[in-house]
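The values are calculated or read from the model by the stated rules, or taken from the named source; none is laboratory data. No experiment lies behind these values; they were computed from the predicted model shown. Here the Cβ positions follow ideal geometry from the backbone for every residue, glycine too, while neighbour counts run over all protein chains shown.
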Amino acid sequence: MGLFHEFIWPFHAVVSAHIVTGSVGLLAFWVPIVARKGGANHKLWGKVFTWSMLSTGTIAIGIASLTINDPVGTHPHLDFDPALIQGIFGWMMLYLAILTINLAWYGWMCIKNRRDHVGNRRPFNLLLQVAVTIAAANCAWHGVALGQLLMVGISFVGFATAATNLWFIYKPGRGPQDWLKEHLKGLVGAGISVYTAFFAFGAVRIMPELALNPALWAVPLVTGVGIILYHWRKIGLQQQATTREARLA
């Protein structure tokens, strides 16, 4: 019998806190996306979203840790093998929690250090790149052991995140708007992560069979990547226009 079979309330408490902070993030995400960039609403709700993601990710680490310790006791409503519960709702959730924290912090640092790029190389930011790489590798390893391709596939997002973040952090020659593209990538990426968790882990309460449906996981990813590419194109066009005006001046 696991530690939390009899004392399940700690798990429900952290889940409740997770739902509150995650719900704030789900709603706050869209305001900076549609608001005028650099405006008051963009700045205010961007901060609300960032802090909600950092809080949600931190709480999710607690939820995942409790699940890893006692998969059946924390998820008695699931008719899954305990090893599968531990893998999906424990190890994979732990990885996604670290990924969310990584992306939110990185996106915040990109704008905070836009005039001091070396500031992006502070220890905590670098440590997060190591942490998400290890968490992604662990998720993939457990996915292979369980025969869950979803866990293996989603792990590559973490590998790509750490690699591209480090590429920018140590990039010697940067364009004037590169920090803005990375800021957008980080925070929209955090939005992808929280919406993925909402659709996948939230759906398990209503229709457990949907939790492992790749199509459900693909919706936030496709939407988020579309938002990133759209705004990257806008930034690129603005940069080109600025360059042309400077040449004509």
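Brief remarks follow.
- Here SER23 clears all of (1) touching a residue at least 12 places away in the same chain (Cβ under 8 Å); (2) farther than 24 Å from GLN177 by Cα; (3) under 23 Å from the mean Cα position of the chain (by Cα) except the condition numbered (1).
- Qualifying residue in the range 110-125 (condition: at pLDDT 95 or above and within 12 Å of the chain's Cα centre (by Cα)): no
- Among the residues making up the range 121-164, those that are touching a Cys at 6+ places or on another chain (Cβ under 9 Å) and either surrounded by 21 or more Cβ atoms within 10 Å (Cβ to Cβ) or on the phi > 0 side of the Ramachandran plot (or both) are MET151, ILE154, SER155, GLY158.
- Residue check for ALA60: modelled with pLDDT under 90, closer than 23 Å to ILE101 by Cα and either assigned to a helix (DSSP H, G or I) or out of contact with any Lys or Arg (no Cβ under 7 Å at 6 or more places or on another chain) (or both): no
- Residues satisfying the stated conditions in the range 1-37, i.e. in a loop (DSSP other than H, G, I, E, B) and at pLDDT 85 or above: PHE29, ALA35, ARG36
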